[in-house]
Amino acid sequence: MQPPTSPYAVNATTGPYQNPWALFTYCITIVLDIFVGLPTNVWVLWLIVRGSEGVLASEIFTLNLAVLQLAYCLQIPVGLLSHTGYRVSFEKPMLFSFGLIEVGRPLFQCCTCVERYLAVLHPLTFLRYRPLRYRVGCSALVWMIIFGGSSAFVFLQNSILNYAFVVFMIILLSVMTFCCLAVLRALRSPGLGEGEGQGPHLAKKRAFRIITVSLVFTMANYLPMIVVFSLGNHFSEAALSIAMDACIALSMLGSFVQPLHFLARAGKLQCIVGH
């Protein structure tokens, strides 16, 4: 028994959610994506685009990620149609859409992690490739990979896709974890001229907190999916269904957790976070 490749790869007569818990979780994540994901991603896009060229260059990967997640939120109404009598007609577009978010989000997050790693551990290399043209070129390459991976969700057999997806996610998660841990280790080391409780020390504490939150979110978002796709053959059908529902819910929540994290970093949610 192979785990399904997406929430849409289900039996057309039974539908994907056969228990009340799964249906409730699906409805909650849909509501959150529409009423929180859409406005927050639009807000992120607005803040980055209206900023200076330096802001655009430093947040180019966040900009691309917001565009990707905004497109994912906008297709949700079509996804709802896929669970009605129209589901057969929309199956391939929904698989492609699912591939976009499952391939694109970790890729752009990985780019951000590598960028932070270079900025902290290899500043000369970071400054050399800091101009916007290099990041635009990298973003274009990532989009090519995204569209190729999304096409694979549509055309490849489930068994081949499962193994390819697991390898892909393990590689990206390993790179992101290594970069985050390396940066966290560097931030914990004392720097020259750092006075306790002021200046660089406070900036490093804030950066440490931001990267720690990013690492925890990344692990929670992708590690369960890797485990489920890797060990799906060892689960019962009922356990596999519940595990896939949980993974899908975590993946969908990422559409608004990421922009909320950016807005908090930008100081736009002070009334919520309290500082």
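Observations
- Hits in segment 101-129 - residues which are over 21 Å from the mean Cα position of the chain (by Cα) and either part of a helix (DSSP H, G or I) or closer than 12 Å to ALA182 by Cβ (or both): ALA119, VAL120, LEU121, HIS122, PRO123, LEU124, THR125, PHE126, LEU127, ARG128
- Within segment 244-257, residues that are within 15 Å of PHE217 (Cβ to Cβ) and at pLDDT 75 or above have Cβ atoms under 6 Å from residues that are assigned to a helix (DSSP H, G or I) and aromatic (Phe, Trp, Tyr) in these pairs: SER255/TYR72, counting only partners at least 6 apart in sequence or on another chain.
- Filter result for VAL114 (under 30 Å from ARG188 (Cβ atoms) and among the aliphatic types (A, V, I, L, M)): yes
- Considering (1) more than 30 Å from GLY99 (Cα to Cα); (2) at pLDDT 80 or above; (3) exposed (fewer than 15 other Cβ atoms within 10 Å of the Cβ), the lone condition that TYR163 does not fulfil carries the number (1).
- Residue within segment 98-105 that is touching a residue at least 40 places away in the same chain (Cβ under 8 Å), surrounded by fewer than 19 Cβ atoms within 10 Å (Cβ to Cβ) and of a type in the set (A, V, I, L, M, F, W, C) present: no
- Taking the criterion of being touching a helix residue (DSSP H, G or I) at 6+ places or on another chain (Cβ under 7 Å) and closer than 19 Å to LEU95 by Cα, the residues of segment 222-242 that qualify are TYR222, MET225, ILE226, VAL228, PHE229.
- Qualifying residues in segment 29-55 (those that are farther than 17 Å from LEU263 by Cβ and in contact with a helix residue (DSSP H, G or I) (Cβ under 8 Å, 6 or more places away or on another chain)) - the one modelled with the lowest pLDDT: GLU53
- Test: residue in segment 122-130 that is of a type in the set (A, V, I, L, M) and exposed (fewer than 11 other Cβ atoms within 10 Å of the Cβ): yes
- Criterion (crowded, with 18+ Cβ neighbours inside 10 Å and modelled with pLDDT of 75 or more) met by exactly one of PHE208, PHE262: PHE262
The values are calculated or read from the model by the stated rules, or taken from the named source; none is laboratory data. Since we're looking at a predicted model, the values are computed, not measured. Backbone-built Cβ (ideal geometry, glycine too); neighbour counts: all protein chains shown.
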